[in-house]
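The block underneath contains the structure these notes are about, expressed in structure tokens.
The values are calculated or read from the model by the stated rules, or taken from the named source; none is laboratory data. Bear in mind the structure is a predicted one, so any value in this text is a computation, not a measurement. Neighbour counts run over all protein chains shown; Cβ positions are idealised from the backbone, glycine included. All accessible areas refer to the heavy atoms of the entire protein, side chains included, with ligands and DNA or RNA removed. Shrake-Rupley method; radii C 1.70, N 1.55, O 1.52, S 1.80 Å.
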Amino acid sequence: MQVAERILSFARLEPGVFIECLLMTIDVRDATLDDVAGCHRCLDEVAQEGRWLSRLSAPPFDGFAAYMTDLYRARAPQIVAVDDHVVGWCDIRLDASPVRAHVGTLGMGLLATYRGKGIGGRLLRLAMQRARERGLERIELSVLHDNVAARALYAQFGFQIEGRRISDWKHDGVYQDSILMAFAFN
């Protein structure tokens, strides 16, 4: 099932006259292999902000494409938000260890201009639904301590803080802690 959100923008053409100039439909859906290039571009843009992710740029395209293909073949949850291009993603990487086969690790991001519009919650909701359908019992994640909006989103969905890695992120001489959070379906 596809979920769409309509966002209306208005432009002032002349004093007192407003017309609808943009009708943007954000589609939140399962990713396909056709989304690899768009996801790579989106990841790269979010990473280059230097604030939210544990990387400062996307990995080389071929490695990223192999990663997404592996997720797809494993039926791991991969969700995208699409305007006329990929504007966000949420994936849950399955753990390779047989004793942790019930666990997935969540990663997500959203382009800056699309934040604060409820799209992150839609991505997370569908990813968690797919994780449950896939039989996962636990989802883990790591989020920088000063990413208040993401921490609030995760808490809203029932994620609990389980720990903190002190100064494990450093960029331009600035250290940050990572908050470890998890959600259990049972």
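Observations, loosely collected:
- Cut-off 15 Å, label 7 Å out along Cα→Cβ of residue 134, residues of region 85-125 by amide N: 89-98, 100-109, 123-125
- Spacing of the two label points (7 Å from each Cα toward its C-beta) at residue 25 and residue 61, in nm: 2.9 nm
- Simple label model, 7 Å out from Cα along Cβ direction - residue 125 to residue 37, nm: 3.2 nm
- Taking the 1.4 Å solvent-accessible surface of region 66-166 as the whole, the part contributed by carbon and sulfur is 51%.
- Rotationally averaged projected area of the chain (alpha carbon convex hull; nm²): 13.0 nm²
- The gain in end-to-end length when the residue 49 to residue 101 segment is fully stretched comes to 15.4 nm, 0.36 nm per residue minus the alpha carbon separation.
- Ligands, DNA and RNA excluded, the heavy atoms of residue 67 present near 80 Å² of accessible surface to a 1.4 Å solvent probe.
- Estimated FRET transfer efficiency when R0 is 30 angstrom, pair residue 148-residue 83 (beta carbons, to 0.05): 0.75
- Heavy-atom accessible area order for 52, 169, largest first, 1.4 Å probe: 52, 169
- Accessible surface, 1.4 Å probe, highest first, among residues 68, 108: 108, 68
- Here the spin labels are modelled as points 7 Å beyond Cα on the Cα-Cβ line, and at residue 170 and residue 73 they lie 3.8 nm apart.
- Cα Rg over Rh - region 96-154, Kirkwood: 1.01
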